[in-house]
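Read through the structure below, which is laid out as structure tokens, and then see the notes.
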Amino acid sequence: MGIHSVCNALSHLQNASRAQLGLTSIPNTKYNLRFALALHRAGFISSVTRAGLTPPPPDQLLTFETEPVTTNNVSTRRLWLGLKYYNNKPVMSNLEAVSKPKRLVTADYKQLSKIARGFKAGHVKGLNLGETLFLSTDKGVLEVREALEKRVGGLVLARVS
Amino acid sequence: MSVAARPAARRLASSVGALCSTTSTITTTTITPTTPSSQIPSSCRPFSSTPPAPGRRKPRFRNITARDLGLISPASQKPNPYVSGEQVDRFADKKFPKYTNAEKAELMRMYTPEQIAALEAGEASIDPKDLTIQGRLRTDIYRLPYIDDFAEYQPIIDKRAPASRSKKIVPPDPNARFMNTDQFVADLIEWADKFRAGEPTGTLKRLEDFVGEEWKKVKEAQWPGEVRDGAHKEFKKYLQEEINKAAKQQENGGVVSGGPTDADVLSYILERSVMTDRNAQTQSSLALALPDKVPGVAGMYKAAVDPADQGLDETGIYQDLKRRSGMSVQGILKLQTKMLVMNYVSNQTRMGKIGSVVVYTVAGNGDGWVGLGYAKSQEPTVANQKSRLDAISKMRPIRRYENRTVYGDVEAKVSGTVVKLFARPPGFGLRVQHRIFEICRAAGIYDLSARVPRSRNPMNTVKATIEALHNQKDPEEMAMGRGRKLVDARKVYYGGATQ
């Protein structure tokens, strides 16, 4: 499964947070959806909504009735992500792809445990204050601490802070 | 007012309306690319075959900004952080409130309806916002030490009033010439006549007084011999009597009445004008001495020595800083300061090169407060002192992990200089370059390593270090923003001990 859609989403989300957007969209793919949900679990985004080409009504984001995806509407589906701000500053400001479509970077459990403690392992630098790593594992797209809990390693997708 | 104050709300409402109206036509929406050729002015011949980029590309899928969603306050997007609209409005409301009903009733009692209408028109013509922005009191360090609109003349503070108000100064007489002998004699007699009558000058009897009436109008040479001899004899006798009289008076301790004193004669020699200008002004080359006590000023000036300083600030250099910072002179003198960068610069003018000295100084209390001061002067000592005071006035608290190092790895960039600071374990020490070392010492950081991977310009290194220290991330803020609990693993491991 290629990771280009996630790489593009990372760039887009960083641009969106620098442009101080509140609601933005990424293409509706399974990989993007899992990554968006992982971001949501980590508290970086406020909402994930599947909708059409125009933004869903902001006041109904949490109660929005999503249309079921059918072959008719699948090409127009997008994932609408609500970005978070605290004290007028974006909560998620830096998103950096670790794996690129040209070079995939993986880390096993042992390496991850070092990285999470701030030490370099393999090609991945240690985490700084407030940074997190998102990984694609057998158990879905997980944050590094979730992966450590489940004692799994995997493909290192992104470094987010 | 309410409509103007919340444009974001209006825009959001309109965008929601637009959303509702366009939901049915989603599928028919097509993106029509703008043709680049239509944007080239006809007079401009393109030299490249690459079509010029159209202006700002519209996103294919419309976004909603955080401001429209109310996630960030509109004031945060203002370019000038010091004059944000919200602050101005708050200040204007507080300082220039509208009339309350009670005040209006009181006005109605005092003024006629026409007058009240005029008052209201006047109030309406001035925007409180303008008053706030343009008419505010200065708070910068170069402000005057008193509040004044310069409407009145204050004799001690202001420059001396123009001559027309004070004593009339007569311009010099352009026709004045040096006196000839006759004019000099006349001037001398005029001067002598000021002194009391009856004495050596003017009122003595003359030779003519001792001859008969018929000879008084005739010159002495034409007097007959016996008349002349008699007159001379009498005159001599008279003079002798006068001299005896004066000598007797002096013997008795009395002053020779009325005659010019030695001081008068001296002042005549030194100060009497030698021009035919009726002695308009002094020709003295001596400057007039200042009186001991200048009337009107005596007792008004006081030495600015505060007894609370205990004699530590006799020259008064810390008084302004003391007033602004609220610190005592003892506290100011306890702060650590260190000159970090000194640079010689020069301004090329038509008079030649005017050299100055630029000095950057760091100041800190060794316990989490640090500031960087900057000053430029032609005198190195002055620049040094100014930058030191500036550094003390700019001291701000920094975030310190366990009061010894920074939070995580911090990075700051000023121009081509990047400074990276890395948190280090206890006992690591300050393994940094000397300027960063001094800053850390002033700030009270004990464990740190730093890298300056790119340009090592001293001035920018210092600025970037201070910026990095002041712009550390706040873990609490991050935790609040993400809605997650952030735990310091180090503290948890050691049973939650904070130190």
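The values are calculated or read from the model by the stated rules, or taken from the named source; none is laboratory data. Please read all numbers here as calculations on a predicted model, not as lab measurements. Reconstructed Cβ throughout: ideal geometry from the backbone, glycine too, with neighbour counts over all protein chains shown.
Figures for the structure shown
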read-out: Any chance A:ARG41 is in contact with a Gly (Cβ under 9 Å, 6 or more places away or on another chain), within 22 Å of B:ARG482 (Cα to Cα) and in a helix (DSSP H, G or I); value: no
read-out: Options B:ARG90, B:ARG109: the member that is exposed (fewer than 13 other Cβ atoms within 10 Å of the Cβ) and closer than 27 Å to B:PRO74 by Cβ; value: B:ARG90
read-out: Residues that are under 25 Å from A:SER5 (Cβ atoms), in contact with a strand residue (DSSP E or B) (Cβ under 7 Å, 6 or more places away or on another chain) and not in a strand (DSSP E or B), drawn from the stretch A:105-136; value: A:VAL105, A:ILE115, A:GLY122, A:LEU127, A:GLU131
read-out: Residue check, B:THR132 of a type in the set (S, T, N, Q), farther than 24 Å from B:LEU239 by Cα and modelled with pLDDT of 80 or more; value: no
read-out: Condition broken by B:ALA443, with the remaining ones in (1) closer than 16 Å to B:ARG399 by Cβ; (2) of a type in the set (Gly, Ala, Ser); (3) within 14 Å of another protein chain (Cβ to nearest Cβ) satisfied; value: (3)
read-out: A:SER93, sole failed condition from (1) among the hydroxyl-bearing types (Ser, Thr, Tyr); (2) in contact with a helix residue (DSSP H, G or I) (Cβ under 6 Å, 6 or more places away or on another chain); (3) over 21 Å from B:MET480 (Cα atoms); value: (3)
read-out: Selection from the stretch A:1-60 of residues that are more than 14 Å from chain B (Cβ to nearest Cβ) and without any contact (Cβ under 8 Å) to a residue 40 or more places away in the chain; value: A:MET1, A:SER5, A:THR29, A:LYS30, A:VAL48
read-out: Single unsatisfied condition, A:GLY122 versus (1) surrounded by fewer than 20 Cβ atoms within 10 Å (Cβ to Cβ); (2) under 20 Å from A:SER11 (Cβ atoms); value: (2)
read-out: Members of the stretch B:404-419 that are part of a strand (DSSP E or B) and more than 11 Å from every other protein chain (Cβ to nearest Cβ); value: B:THR405, B:ALA412, B:LYS413, B:VAL414, B:THR417, B:VAL418, B:VAL419
read-out: Residue check, B:ARG482 on the phi < 0 side of the Ramachandran plot, out of contact with any Ser or Thr (no Cβ under 6 Å at 6 or more places or on another chain), surrounded by 18 or more Cβ atoms within 10 Å (Cβ to Cβ) and within 14 Å of chain A (Cβ to nearest Cβ); value: yes
read-out: Qualifying position, being away from every other protein chain (no Cβ under 12 Å) and out of contact with any Phe, Trp or Tyr (no Cβ under 7 Å at 6 or more places or on another chain), among A:GLU67, A:GLU96; value: A:GLU96
read-out: The stretch B:412-434 residues that are closer than 19 Å to B:ILE466 by Cβ, paired with ones that are of a type in the set (Lys, Arg) (beta carbon under 6 Å, 6 or more apart); value: B:VAL414/B:LYS463; B:GLY416/B:ARG454; B:VAL418/B:ARG454; B:LYS420/B:ARG451
read-out: Only listed residue being at pLDDT 75 or above, over 50 Å from the mean Cα position of the chain (by Cα) and either exposed (fewer than 10 other Cβ atoms within 10 Å of the Cβ) or not assigned by TED's automatic domain parsing to the domain that holds B:ASP193 (or both), chosen from B:ASP313, B:ASP306, B:ASP277, B:ASP262; value: B:ASP262
read-out: Qualifying residue in the stretch B:60-76 (condition: away from chain A (no Cβ under 12 Å), modelled with pLDDT under 90 and out of contact with any His (no Cβ under 7 Å at 6 or more places or on another chain)); value: no
read-out: Residue that is nearest to B:LEU71 (Cα to Cα), among those in the stretch A:63-104 that are in a loop (DSSP other than H, G, I, E, B) and among the charged types (D, E, K, R); value: A:LYS84
read-out: Hey, A:ALA147 touching a residue at least 12 places away in the same chain (Cβ under 8 Å) and either over 16 Å from the mean Cα position of the chain (by Cα) or surrounded by fewer than 20 Cβ atoms within 10 Å (Cβ to Cβ) (or both) or not; value: no
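Matching residues to (1) at pLDDT 95 or above; (2) surrounded by 17 or more Cβ atoms within 10 Å (Cβ to Cβ); (3) outside the structural domain of B:ASP474 (by TED's automatic domain parsing):
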{"residue": "B:GLY331", "(1), (2), (3)": "no, no, no"}
{"residue": "B:THR337", "(1), (2), (3)": "yes, yes, no"}
{"residue": "B:TYR344", "(1), (2), (3)": "yes, no, no"}
{"residue": "B:VAL359", "(1), (2), (3)": "yes, yes, no"}
{"residue": "B:TYR374", "(1), (2), (3)": "yes, yes, no"}
{"residue": "B:LEU421", "(1), (2), (3)": "yes, yes, no"}
